[in-house]
Amino acid sequence: MDLLSFARGPALAVALVVFVSGTLWRLFGVLRRPRLRDLSPPREGAPSNLSGALSAIVRGMWPRKEFGQTAMVTTFNGYVFHIGLALVFFGYAPHIAFIHRIIGLSWPALPDAVMYLAAGATIVSLLLALFYRLTSPVLRKISNADDMITWIITFLPLITGMAVISESSAVTVVRDHVIYAGPLAVHLLSLELLLVWFPFGKLMHAFLFAFSRGATGVRFSHRGVKL
């Protein structure tokens with residue numbers, strides 16, 4: 001078994017099992033945590049718990065102007081990263097073919113030019129995020145090994161994926177053999193490393209942010225605090 005066969009076979013299977021089971025385990029752990037009932041009466045005119053939770057989730061999508069220009073730039077950079085990453089993963093034809101092989105679903109791909117622009121913007125946004133973390137005294141103070149490991153593991157699939165590109169996606173999808181097996185195997189292994197790390201690092205915020213913001217919204221709206 002060569003490296004590419006290993007990446008496409010056993011390594012992918014293990015990564016998917018760890019990703020799915022680990023994510024479900026983390027979500028189950030959050031949902032089963034004991035919660036004390038709030039026995040205080042809600043403030044007059046307080047919204048329902050659901051309304052308060054949804055309001056907090058939506059309101060947290062953009063910082064308040066009181067936080068200053070830095071918060072605005074950081075938030076905008078985060079949107080560039082997340083949107084760019086979603087476009088690259090779900091819009092690139094070889095990625096769609098990869099997903100189709102796993103779960104049988106497919107959809108039209110975006111043009112290669114859009115994918116290259118999205119990938120470039122995503123890489124730049126990651127580098128900017130690292131720059132902010134290393135130069136901000138506050139961010140340096142609250143950063144730990146998880147932050148750096150998560151950054152590296154997120155960066156690797158992007159940079160290795162760009163290294164694999166040698167022709168148009170339309171040609172790659174219909175080709176019956178792989179031209180650069182080694183680089184492709186490294187790219188797949190970097191993705192699988194991300195899947196394995198996902199449930200245990202800060203990437204899990206992709207699911208947990210809704211729980212934390214929703215819980216804050218419930219508590220604050222119960223007390224009549226306007227978010």
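The values are calculated or read from the model by the stated rules, or taken from the named source; none is laboratory data. Computed from a predicted model, the values in this text were never measured in an experiment. Neighbour counts run over all protein chains shown; Cβ positions are idealised from the backbone, glycine included. Note: accessible area is taken over every heavy atom of the protein model, side chains too, but ligands, DNA and RNA are not part of it. Shrake-Rupley method; radii C 1.70, N 1.55, O 1.52, S 1.80 Å.
For the stretch 128-208, the share of alpha carbon pairs falling in successive 5 Å distance bins from zero is 3, 13, 18, 18, 15, 12, 10, 6, 3, 1, 0 percent. Adding -39500 (n - 2.57) for every DSSP H run of four residues or longer, then dividing by how many residues the chain holds, sets the calculated 222 nm ellipticity at -23500 deg cm²/dmol. In the stretch 14-149, the alpha-carbon atoms span a convex hull of 215 Å³ per residue. The modelled label-to-label distance between Leu24 and Leu54, using points 7 Å beyond Cα along the C-beta direction, is 2.9 nm. Kindly point out which whole DSSP H helices in the chain project their C-alpha atoms 30 angstrom or further along the helix axis while averaging a Kyte-Doolittle hydropathy of -1.0 or above. Qualifying helices: 10-31, 69-91, 112-135. Computed over the alpha-carbon pairs of the stretch 93-142, the distance histogram in 5 Å steps reads 5, 18, 14, 13, 13, 11, 9, 10, 7, 0 percent, short to long. Taking the protein heavy atoms of the chain in the context of the full set of protein chains, the accessible area attributed to carbon and sulfur is 71 percent at 1.4 Å.
Within the shell of other residues whose beta carbon sits under 15 angstrom from the beta carbon of Asp146, the net charge comes to +4, with Lys and Arg scored +1 and Asp and Glu -1. Counting every pair of alpha carbons in the stretch 138-183, the share spaced more than 15 Å apart comes to 61 percent. Neighbours of Ala185 by Cβ distance under 12 Å: Lys/Arg scored +1, Asp/Glu scored -1, total -1. Within the chain, the ratio Rg/Rh, alpha carbon atoms throughout and Rh by Kirkwood, equals 1.03. Residues in the chain average 64 Å² of solvent-accessible surface per residue, probe 1.4 Å, ligands and nucleic acids excluded. Which net charge results for the neighbourhood of Ser221, defined as the other residues with beta-carbon distances under 13 angstrom from its beta-carbon, given Lys and Arg at +1 and Asp and Glu at -1? It works out to a net charge of +4.
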